[in-house]
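A short worksheet on the structure shown next.
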Amino acid sequence: MPDETWETALEDSAQLLPVRREVAERFPGMVSTISIGFGAMKQVSPTRVNVSFVLRFTDKKVPGIASTGEFSSTTDGMAVLVDGHWLVSGETYCSKIDMLMGSGLTCP
């Protein structure tokens, strides 16, 4: 996904773009194969929705996953309403970056 498209889907994307680029550099397989399937959604306020989703990708460089490099995990996060558009919360994005154990990647 081009940076411009990614930026339109994420809260605080300008601050997080350097992290995204570092992830892409270190884990190109993950970035090129990632898919996201959405599950249940629950509105918790007029501007916040709790979302369950499944992340899937293949990348042998990602630490702590199967030797095949295949990864699938059901997780949850938050979408936020910003200027009339629903976006993935920056907090949710950063919590998934934190799942890359041993990568040394951190959000600002």
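The values are calculated or read from the model by the stated rules, or taken from the named source; none is laboratory data. This one's a predicted model, so the numbers in the text were calculated from it and none came from an experiment. We place every Cβ from the backbone using ideal geometry, glycine too, and count neighbours over all the protein chains shown.
Worth a mention:
- Among the residues making up segment 53-97, those that are in a loop (DSSP other than H, G, I, E, B) and exposed (fewer than 12 other Cβ atoms within 10 Å of the Cβ) are P63, G64, A66, S67, T68, D83, G84.
- Filtering segment 4-20 to residues that are within 16 Å of T106 (Cα to Cα) and hydroxyl-bearing (S, T, Y) leaves only S13.
- Tally of residues being surrounded by fewer than 17 Cβ atoms within 10 Å (Cβ to Cβ), touching a residue at least 60 places away in the same chain (Cβ under 8 Å) and assigned to a loop (DSSP other than H, G, I, E, B) across segment 9-52: 1
- Residue in segment 1-26 that is farthest from the chain's Cα centre (by Cα), counting only those that are of a type in the set (V, I, T) and at pLDDT 90 or above: T8
- Residues of segment 60-106 that are under 19 Å from K42 (Cα atoms) and aromatic (F, W, Y): W86, Y93.
One line per residue, one yes/no per condition, for (1) of a type in the set (S, T, Y); (2) within 16 Å of the chain's Cα centre (by Cα); (3) closer than 17 Å to S35 by Cβ:
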| residue | (1), (2), (3) |
| --- | --- |
| R48 | no, no, no |
| V54 | no, yes, yes |
| A79 | no, yes, no |
| V82 | no, no, no |
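- Unmet criterion (only one of (1) of a type in the set (G, A, S); (2) more than 16 Å from D76 (Cα to Cα); (3) modelled with pLDDT under 95) for G39: (2)
- Criterion: of a type outside the set (A, V, I, L, M) and at pLDDT below 95 - qualifying residue of S89, S45, S95: S95
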